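Q: Provided herewith is a single structure, encoded as structure tokens, for subsequent inquiry.
Any read-out appearing in this document is the output of simple, stated calculations on the displayed coordinates, not a laboratory observation. Nothing here was measured: the structure is a model prediction, and the numbers come from that model. Glycine also receives a Cβ, built like all others from the backbone with ideal geometry; neighbour counts cover every protein chain displayed.
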Amino acid sequence: MMNRTVRVLLWVIQGLLAAIFLFSGGFKLVTPAATLAKQAHMSGTFLHFIGVLEVLGAIGLVLPWLLRIKPGLTPIAAAGLVILMIGATVVTLRSGGGATVVVPVVVGVLCAIVVVFRSRELRARTGPA
């Protein structure tokens, strides 16, 4: 089992990530598709879809583990967000984002940390498969 400090740090990371994705996804959902399309040079409908994924991912980062209802969904949600951040990194690089690529990379790495540590903790609770 993990020590208390690691568990607290993991919850801080999950809370921070959930806030980031709730804000980002919520913004995409309330902004008109035409406005999103102009800002990002991508389909507004596609960006709304990404917003839905981000909000659901934010919920999945916290609620399953917190409520102890299907806690295995937390590392799955984090893994899905890693995939989104890989896409965000690629889009940022292709658009000439330069140093701004650091943001999706760091967020993706934090999501990957949640995947690894929550998966390990889940395996320790349930035993080897």
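Q: Checking residue 102 against (1) surrounded by fewer than 18 Cβ atoms within 10 Å (Cβ to Cβ); (2) in contact (Cβ under 8 Å) with a residue 24 or more places away in the chain, which single condition isn't satisfied?
A: Single failed check for residue 102: (2).
Q: Can I ask one more? Sort through 126, 74 and tell me the only one that's in contact with a Lys or Arg (Cβ under 8 Å, 6 or more places away or on another chain), over 30 Å from residue 34 (Cβ atoms) and of a type outside the set (A, V, I, L, M).
A: 74
Q: Among the candidates 56, 47, 81, 67, single out the residue that is within 30 Å of residue 127 (Cα to Cα) and more than 15 Å from the chain's Cα centre (by Cα).
A: Criteria check complete, one pass: 67.
Q: Would you point out the residue of segment 105-124, among those that are exposed (fewer than 15 other Cβ atoms within 10 Å of the Cβ) and not aliphatic (A, V, I, L, M), that is farthest from the chain's Cα centre (by Cα)?
A: 123
Q: Look through 27, 49, 21 and report the one residue that is in a helix (DSSP H, G or I), aromatic (Phe, Trp, Tyr), at negative phi and in contact with a helix residue (DSSP H, G or I) (Cβ under 7 Å, 6 or more places away or on another chain).
A: Only one candidate passes the filter, namely 21.
Q: Can you tell me which of (1) over 23 Å from residue 2 (Cα atoms); (2) without any contact (Cβ under 8 Å) to a residue 24 or more places away in the chain; (3) part of a helix (DSSP H, G or I); (4) not polar (S, T, N, Q) is the one residue 60 doesn't meet?
A: Every condition holds for residue 60 apart from (1).
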